[in-house]
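Presented below is the structure to which this report refers.
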Amino acid sequence: MNDEERYLFDLRGYLVLEEVLTPEEVRDLNRSIDDQGLPPPQNDTMSARFGGFLEWGSVFCDLLDHPRIMPYLKTILGDGFRLDHYYGIYMRAGTEQLRLHGGATPYDPPEYYHYNNGEMFNGLTVVSWNLTETGPGLGGFCAIPGSHKANFPCPDGIRAAHDEHEAVVIPQAPAGSVVIFTEALTHGTVAWTADHQRRSLLYKYSPGQQSWSAKYLNPPETVALTARQRLLFERPYFNSRPSLFEDR
Ligand SMILES: O=C(O)CCC(=O)C(=O)O
């Protein structure tokens, strides 16, 4: 994470990294999803979610600790972070928006952003892998930049206006890009209007000592993980937590 990226993440609460995946990797991930024969997404948010894909093959598991992403997560979460939960979002033209949620105020203990002594400290943090393009005129992830540090709750009028409000940004995120954001950010989803299907894979990480989810994930049974990938499934604790970075 270079100085510019660190500045922008601190300032806005999210980053878009382009060309993290090659077109071939994007194609392979999309093909693996096609092979599952999932029911097509409908207009409601719940039908636009799918899970379980870490069992579908190493192409999905290798995103867990992708070498381009790990240095960002180390800066954002510190060493020893863990996979909290994960799911995919697929949307068709007409799939509805998701309300704006999150935000620094009122304080939400597992979803925080603090700065202290030259370091940032984050709670639940999302790495969203875009397998098709999202952005203005298409739909997808949206956020109020800087709201992870807001001192006042997001007013109802802004929530109601959603992406019609000028404070809400819909970042352009091409296929192969990654959006990393802190869940302390006020964010949501813009209704999908594009002809192509939205496909994003959301891997959500917590600092080592905590869990947002009531359930702790087990490593996939059908895919052999590396030692580092297995560490991402450690239960939440702090003392003597193994490093994800030393000798791995
Ligand atoms: O559309 C997105 O990427 C955001 C999704 C989101 O905020 C959620 O699933 O809670």
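The values are calculated or read from the model by the stated rules, or taken from the named source; none is laboratory data. Remember, it's a predicted structure, so these values are computed and weren't measured experimentally. When we count neighbours, we look across all protein chains shown, and the Cβ atoms used for this are built from the backbone with ideal geometry, even at glycine.
In this structure, does Leu124 turn out to be more than 14 Å from the ligand (Cβ to nearest atom), of a type in the set (A, V, I, L, M) and closer than 29 Å to Leu231 by Cα? Quick ask: steps written out before the conclusion?
Numbers: more than 14 Å from the ligand (Cβ to nearest atom): no; of a type in the set (A, V, I, L, M): yes; closer than 29 Å to Leu231 by Cα: yes.
For Leu124, the condition - more than 14 Å from the ligand (Cβ to nearest atom), of a type in the set (A, V, I, L, M) and closer than 29 Å to Leu231 by Cα - is not met.
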Look at Asn130 and say whether it is among the polar types (S, T, N, Q) and surrounded by fewer than 20 Cβ atoms within 10 Å (Cβ to Cβ). no
Suppose we keep only residues that are in contact with a helix residue (DSSP H, G or I) (Cβ under 8 Å, 6 or more places away or on another chain) and closer than 15 Å to Gly78 by Cα within the stretch 102-121. Which one would you say is farthest from the ligand (Cβ to nearest atom)? Tyr115
Starting from the stretch 39-60, take each residue that is at positive phi and list its partners that are in a helix (DSSP H, G or I), counting only C-beta distances under 7 angstrom and pairs at least six apart or across chains. Gly57/Ser32
Any chance Pro145 is under 30 Å from Thr22 (Cβ atoms) and surrounded by fewer than 21 Cβ atoms within 10 Å (Cβ to Cβ): yes
Has the stretch 82-101 got at least one residue that is away from the ligand (no atom under 16 Å from the Cβ), closer than 30 Å to Glu119 by Cα, in a loop (DSSP other than H, G, I, E, B) and modelled with pLDDT of 95 or more? no
Going through the stretch 1-41 one residue at a time, which ones are within 21 Å of Gly78 (Cβ to Cβ) and hydroxyl-bearing (Ser, Thr, Tyr)? Tyr7, Tyr14
Scan the stretch 42-73 for residues that are assigned to a loop (DSSP other than H, G, I, E, B), farther than 12 Å from Tyr203 by Cα, out of contact with any Gly (no Cβ under 9 Å at 6 or more places or on another chain) and within 16 Å of the ligand (Cβ to nearest atom) and report the count. 2
Pick from the stretch 70-98, criterion more than 30 Å from Ala160 (Cα to Cα) and small (Gly, Ala, Ser), ranking: surrounded by the fewest Cβ atoms within 10 Å (Cβ to Cβ): Gly78
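For the stretch 146-153, indicate whether the set of residues that are within 16 Å of the ligand (Cβ to nearest atom) and in contact with a Ser or Thr (Cβ under 7 Å, 6 or more places away or on another chain) is non-empty.
To start, the set of residues in the stretch 146-153 that are within 16 Å of the ligand (Cβ to nearest atom) comprises 147-148.
From the residues that got through so far, the ones that are in contact with a Ser or Thr (Cβ under 7 Å, 6 or more places away or on another chain) too are 147-148.
So far as the stretch 146-153 goes, yes, one or more of its residues are within 16 Å of the ligand (Cβ to nearest atom) and in contact with a Ser or Thr (Cβ under 7 Å, 6 or more places away or on another chain).
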Of the residues in the stretch 172-199, those that are touching a strand residue (DSSP E or B) at 6+ places or on another chain (Cβ under 6 Å) and over 18 Å from Val26 (Cβ atoms) come to Phe181, Thr182, Ala184, Leu185, Thr186, His187, Gly188, Thr189, Val190, Ala191, Trp192, Thr193
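Please tell me if Thr45 is surrounded by fewer than 18 Cβ atoms within 10 Å (Cβ to Cβ), touching a strand residue (DSSP E or B) at 6+ places or on another chain (Cβ under 6 Å) and of a type in the set (Val, Ile, Thr). Show your work before the answer.
Working: surrounded by fewer than 18 Cβ atoms within 10 Å (Cβ to Cβ): yes; touching a strand residue (DSSP E or B) at 6+ places or on another chain (Cβ under 6 Å): yes; of a type in the set (Val, Ile, Thr): yes.
Against the criterion (surrounded by fewer than 18 Cβ atoms within 10 Å (Cβ to Cβ), touching a strand residue (DSSP E or B) at 6+ places or on another chain (Cβ under 6 Å) and of a type in the set (Val, Ile, Thr)), Thr45 qualifies.
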